[in-house]
Amino acid sequence: MKNRNWMEWMKKAGIRAVKTMAQTAVAMLPAAATITAVDWKTVAGTAALAGVASLLTSLKGLPELEDGAQV
């Protein structure tokens, strides 16, 4: 395994995961007729799962890093 700048990787992977979580949460909102009908626990749980999936996908490599570094 090559030496990596882990702080840079965590920052970039974290930003990507947060963006994925936000996109997932926003995508789930139109399913409810009104904002009061939104099941916020489901939205939060699904967004968190999407964030974990994004971090796991980032282990393969991040195009945001100059060399497309893999962990």
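The values are calculated or read from the model by the stated rules, or taken from the named source; none is laboratory data. Predicted model only: the values in this text are computed from it and were never measured. All Cβ positions, glycine included, derive from the backbone under ideal geometry; neighbour counts span all protein chains shown. These accessible areas exclude ligands, DNA and RNA; they are computed on the full protein's heavy atoms, side chains included. Shrake-Rupley method; radii C 1.70, N 1.55, O 1.52, S 1.80 Å.
Return the pairs, sorted by first residue and then second, in which the second residue is surrounded by 14 or more Cβ atoms within 10 Å (Cβ to Cβ), the first residue lies in the range 32-61 and is on the phi > 0 side of the Ramachandran plot, the beta carbons are less than 6 Å apart, and the residues are 6+ apart or on different chains.
The qualifying pairs are GLY61/GLN70.
Quick check on ILE15: is it within 11 Å of the chain's Cα centre (by Cα), open to solvent by 70 Å² or more (accessible area, probe 1.4 Å) and not aromatic (Phe, Trp, Tyr)?
It is true that ILE15 is within 11 Å of the chain's Cα centre (by Cα), open to solvent by 70 Å² or more (accessible area, probe 1.4 Å) and not aromatic (Phe, Trp, Tyr).
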